[in-house]
Each structure stands twice: as C-alpha cells, then as structure tokens.
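Structure, as structure tokens:
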Amino acid sequence: MSCEKFQEMILTDYLDRELSAQRRASLEAHLTQCPGCREFAEQARKGAVEPFEQLERLKPSPQLWANIKEAIEEDPQPAVRGALVDFWERLKLLFYFPRPALALATVVLMIVMLLAVLPKPIGRNHIAQVESVAEEEVEYLASLMEGTESMDSDGNGGYGTAIEEYFL
Amino acid sequence: MDISNDIVKRAAAGDPDAFEEIYKASAGYVLNVAYRVLGAREDAEEVTQDVFLIIHRKLKDFRFDAAFKTWVYRITVNVSINYAKKSNKARNRTVEFKEELAVCEQANQTREADQELHEKVVAGLLGVLNPDQRACLVLRSVEKLSYQEIAETLDININTVRTRIKRAREALLAVRKEVMNNVL
C-alpha cells in the first residue's frame with residue numbers, strides 16, 4: 001500500500017479508532033518504518049483531532065425550556081390533535097382538485113357530451129354504407145315484385161320461402 | 001440519558017411531563033451539536049427551539065425503526081445545516097481566526113487558562129468547513145459517534161462519512177500549515 005493510502009487511512013479510520021485489529025497492526029508496522037507517515041499522523045492528531053477533545057459543553061438555560069414550552073402551547077399543530085388534523089387533511093385531499101385540473105376536466109366533459117349529442121359526421125365510408133343499404137333495399141323490393149308477379153291471379157302461389165314450403 | 005419507548009409513546013399521546021423528560025434527556029446534545037455547527041450560542045438556542053417543536057409535531061410519526069437518539073440527532077443536524085445555509089451571518093471569519101490560532105500555537109498555556117481563546121480557535125476551525133463536513137466532524141469529534149452511527153444519523157453511506165471527515169481534516173491541516181508557516 002502506498003503512503004498516500006496510508007495517510008488517507010490515518011486521517012479517518014486510524015485517528016477515529018475505526019480500523020480492524022489487523023489493519024491497525026499493518027498501519028502501525030508501516031509507521032515504524034516510514035518517518036513521513038509518522039510525522040503526518042502526529043500533525044493530523046495535533047491539528048485535526050486534539051482541538052476538539054474535551055471541549056466545554058453548553059448547558060441549556062432554564063429560559064430555553066420556557067421558550068419551547070410557550071412555543072408548543074402556541075403551536076397550531078400540537079401532537080395530540082395531530083392525528084385528527086392528519087385525518088382531515090387526507091380527507092380534503094380525496095376531494096381536492098387543483099383549479100386548472102377542475103377547469104380542464106369540465107371542458108373535456110363538455111366536449112364528450114357534445115360529441116354524444118351531435119349527429120355523426122358523414123364520411124366516405126358512411127356514404128358507401130348508405131349506398132350499399134339502398135342497393136339491398138332496391139334488390140329486396142325488386143324480388144318482392146318478382147314474387148308478386150309469380151303468384152297467380154287468385155293469390156295462389158307462394159313466396160318460395162322455406163318456411164312456406166314447411167307449412168304447405 | 002436513554003429515553004424509553006414508553007416515554008416516547010406517552011409524549012406522542014400528548015403527555016407534557018413525558019415530553020419534558022425527552023427535553024431534559026436530549027436538550028444538551030441538541031444544543032451542543034447546533035452550537036458547534038453554527039458557532040454562536042444565540043443561533044444554537046434558536047435552532048434548539050425549532051428542533052423541539054419539530055420533535056413535538058413529529059413524535060406521532062416516529063416508528064421506532066431507528067434509535068430515538070439517532071432520530072433527534074438527524075433532526076438537529078438537518079435544522080442546523082439549513083439554518084447555516086440560510087443564515088447571512090458570515091461564519092467564515094478566517095482572517096481573525098488565523099491570528100487566534102497563531103496565538104494558540106505559540107502560547108504555552110494550559111487550556112483552562114485560555115479556554116476563551118481555544119473556543120475561538122475551534123469555532124474558526126469549524127468555520128473553514130462547509131456545513132456538511134462540519135456536521136460530520138462535530139458528530140465524530142465532539143459527540144463521539146461511530147462512522148456507522150453518523151451514517152445512520154445523516155442517512156448517508158458510511159464511505160461518504162469517511163470522505164467528508166477526510167476532506168474536513170485535510171482542510172483543517174491546510175489552514176494550520178498556513179498559519180504555522182506565517183508564525184515561523
């Protein structure tokens with residue numbers, strides 16, 4: 001391992017005692033042999049660790065708790081009412097639509113209703129369908145005429161249908 | 001210092017005595033972390049007040065997945081970092097701090113004899129760092145949290161903790177080197 005890697009380790013895990021026993025032994029063996037890394041470890045401890053050791057700790061003043069108590073009492077979202085407030089907020093969300101979304105939904109609904117009410121536009125396919133149906137009607141009428149002509153004058157004769165043959 | 005789950009549940013249900021218990025057990029480290037991240041007692045007290053208001057509001061959401069102390073540290077660090085980033089107060093008072101550091105390095109005094117100067121140097125050293133590095137270093141060097149605990153508190157990878165601490169210490173050593181070169 002290079003001195004650079006050892007020094008990275010010194011700055012972090014070594015100084016903070018986070019190294020495994022095996023790695024620590026390996027690093028300490030290197031320190032006995034490398035004056036540069038030894039010097040670096042000493043400077044790092046002195047410059048980056050020792051200044052923060054045994055720092056005086058602040059004690060919270062009685063006024064701080066008084067302020068917090070007061071702030072909690074004035075808080076619009078106290079913990080006890082929190083569940084109720086949450087429920088109300090969730091309920092509102094269920095029925096909440098942002099204004100632009102509501103407007104858009106209204107417009108879409110109106111368009112759908114108009115399309116349903118208005119007659120469908122006549123396209124080429126539609127004309128072809130109408131023509132086809134008309135031709136069928138003409139053929140049907142023609143066949144009826146032929147059927148009438150095939151009957152005899154007293155009305156005997158038939159339509160030539162299978163059902164007629166069945167009953168006759 | 002440990003806060004039982006029972007106290008947390010009682011406080012979440014609105015018991016003011018239980019919440020006061022939580023305050024008494026946590027206010028010290030909340031105030032000190034905020035103080036070291038922000039560098040001024042009045043800012044730290046303001047942040048402490050905000051932290052306990054947040055704790056009070058969010059207690060009902062605490063699911064006991066993490067240790068309560070870790071959760072409180074996380075809120076404290078987040079509020080402190082946000083405060084530091086938003087604050088217009090220039091924490092980076094490098095020039096005057098370097099003079100104090102030089103005096104500290106030269107003086108052969110006990111820390112008790114010159115606690116005030118030492119506090120200024122510590123505040124100056126932390127002021128060199130960005131808020132994320134500062135929070136990591138404070139949790140490690142002042143609060144003595146392990147890398148794993150810091151990772152859980154800040155919700156970051158343990159290697160990110162290593163990287164932040166490494167860069168923070170490199171920055172501190174660079175400043176010290178500069179000061180020492182000027183002194184000698």
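Does any residue of the stretch B:26-44 turn out to be touching a residue at least 12 places away in the same chain (Cβ under 8 Å), open to solvent by 60 Å² or more (accessible area, probe 1.4 Å) and either within 19 Å of residue A:62 (Cβ to Cβ) or more than 8 Å from every other protein chain (Cβ to nearest Cβ) (or both)? No, because not a single residue in the stretch B:26-44 is touching a residue at least 12 places away in the same chain (Cβ under 8 Å), open to solvent by 60 Å² or more (accessible area, probe 1.4 Å) and either within 19 Å of residue A:62 (Cβ to Cβ) or more than 8 Å from every other protein chain (Cβ to nearest Cβ) (or both).
Condition check ((1) in a helix (DSSP H, G or I); (2) crowded, with 17+ Cβ neighbours inside 10 Å; (3) of a type in the set (Val, Ile, Thr)) across all residues:
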{"residue": "A:13", "(1), (2), (3)": "yes, yes, no"}
{"residue": "A:22", "(1), (2), (3)": "yes, no, no"}
{"residue": "A:26", "(1), (2), (3)": "yes, no, no"}
{"residue": "A:32", "(1), (2), (3)": "yes, no, yes"}
{"residue": "A:39", "(1), (2), (3)": "yes, no, no"}
{"residue": "A:43", "(1), (2), (3)": "yes, no, no"}
{"residue": "A:46", "(1), (2), (3)": "yes, no, no"}
{"residue": "A:55", "(1), (2), (3)": "no, yes, no"}
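If we keep just the residues of the stretch B:140-160 that are β-branched (Val, Ile, Thr) and under 18 Å from residue B:29 (Cβ atoms), which is surrounded by the fewest Cβ atoms within 10 Å (Cβ to Cβ)? Checking each candidate, the answer is B:142.
Of the residues making up the stretch B:134-178, those that are in contact (Cβ under 8 Å) with a residue 40 or more places away in the chain and closer than 19 Å to residue B:39 by Cβ are B:134, B:135, B:138, B:139, B:142, B:143, B:171, B:172, B:175, B:176.
The values are calculated or read from the model by the stated rules, or taken from the named source; none is laboratory data. Model, not experiment: these values are computed from the prediction. Here the Cβ is made from the backbone with ideal geometry for all residues, glycine too, and neighbour counts use every protein chain on show. These area figures cover heavy atoms from the full protein model, side chains too; ligands, DNA and RNA do not enter into them. Shrake-Rupley method; radii C 1.70, N 1.55, O 1.52, S 1.80 Å.
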